[in-house]
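As structure tokens, the structure follows; a few thoughts come after it.
The values are calculated or read from the model by the stated rules, or taken from the named source; none is laboratory data. Just so you know, these numbers come straight off a predicted model, no measurement behind them. With ideal geometry, Cβ positions are generated from the backbone for all residues, glycine too; neighbour counts draw on all protein chains shown.
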Amino acid sequence: MLMSLVHELRKAADYPELAQARVLLSGLTSRCGVDIARAFAERSTRLVIRAAEDSVEVDAIAGLLAQCSAELRLYATDDIEDADAAVAFAQGAAQKAFGGLEAVINLVEIHPADLTGRTSQADLEDLVSEKLLAPTLAARVVANRMQLTLTHGSILHVVRAPAPNSQEELMVLEIVRATLAALVRSEASNWAEKGIRINAVAPATGLEAFEQTLLGEPDVAALALYLASQKGRDLTGHLFDTRNAGCR
């Protein structure tokens, strides 16, 4: 099933039902998430962007996206990994911008420095918490609002990471990946009866078949569109593999 889905994603798809859909993209930077944002903007969605940097480059990207999206709201922050800030944003600006959301894409970036010096169980737990707690809690806030408004929606977590340079770094990535997979299965099960789908994308760690993986951000963007569309209504609780999840 996954292999046929990967092939389908690489075909051009318009998804007219996404026009005017309310979409949150959290974690955008000048190097990460641009293809995903553009894919939704080109379908005339209403975009709420929570950028992880306040820069001239991000402002320029937002200007370009505004030309093809139905509407766009840009918020920049330097505390993208702070759980309290993520929850506050999900409860406030994210929902109020357009009166709710139908789709959420959370970009989670792991930097090279995050993979080194993790020598104890506590170090690994800290990393997992730093990277996954904020998007998980924010997703619960959004899912609860979707439930209350009888909205069927899609939530996608996308973990980005550099290629590991050692067995130590590979082990760290595998732990993050395994934790993400468990979280997604649990959260998807909790919200499935409400019509809320929760999936994730993470770097392949070397064991997955190449033909069944997504090849970089354009494929991830295609997956995000698919999951937000009518075609993706039956997919939840999945962890999709990508061979090139690092940022430009």
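What do you reckon, is Ala51 out of contact with any helix residue (DSSP H, G or I) (no Cβ under 8 Å at 6 or more places or on another chain), buried (at least 19 other Cβ atoms within 10 Å of the Cβ) and not hydroxyl-bearing (Ser, Thr, Tyr)? Criteria not met by Ala51. Tell me, which residue of region 99-119 that is in contact (Cβ under 8 Å) with a residue 60 or more places away in the chain and farther than 22 Å from Tyr226 by Cβ is farthest from the chain's Cα centre (by Cα)? Checked region 99-119; the qualifying residue farthest from the chain's Cα centre (by Cα) is Gly99. The residues listed here are Ala62, Ala76; of these, the one that is without any contact (Cβ under 8 Å) to a residue 24 or more places away in the chain, of a type in the set (A, V, I, L, M, F, W, C) and either touching a Lys or Arg at 6+ places or on another chain (Cβ under 8 Å) or over 29 Å from Leu235 (Cβ atoms) (or both) is Ala62. The listed residues are Glu8, Glu53, and the only one of them that is in contact with a strand residue (DSSP E or B) (Cβ under 9 Å, 6 or more places away or on another chain), modelled with pLDDT under 95 and not β-branched (Val, Ile, Thr) turns out to be Glu53.
Among the conditions (1) in contact with a Leu (Cβ under 8 Å, 6 or more places away or on another chain); (2) at pLDDT below 95; (3) aliphatic (A, V, I, L, M); (4) not in a strand (DSSP E or B), Ala224 misses just one, which is (2).
Taken across region 11-27, residues that are more than 19 Å from Tyr226 (Cβ to Cβ), modelled with pLDDT of 95 or more and buried (at least 18 other Cβ atoms within 10 Å of the Cβ) do occur, with at least one present.
Only one of these is at pLDDT 95 or above, in contact with a Lys or Arg (Cβ under 9 Å, 6 or more places away or on another chain) and not aromatic (Phe, Trp, Tyr): Met146, Met171. Name it.
When all the criteria are applied, what remains is Met146.
Would you mind stating whether Ala122 is of a type outside the set (Lys, Arg) and at pLDDT 95 or above? So Ala122 does not fit the description; no.
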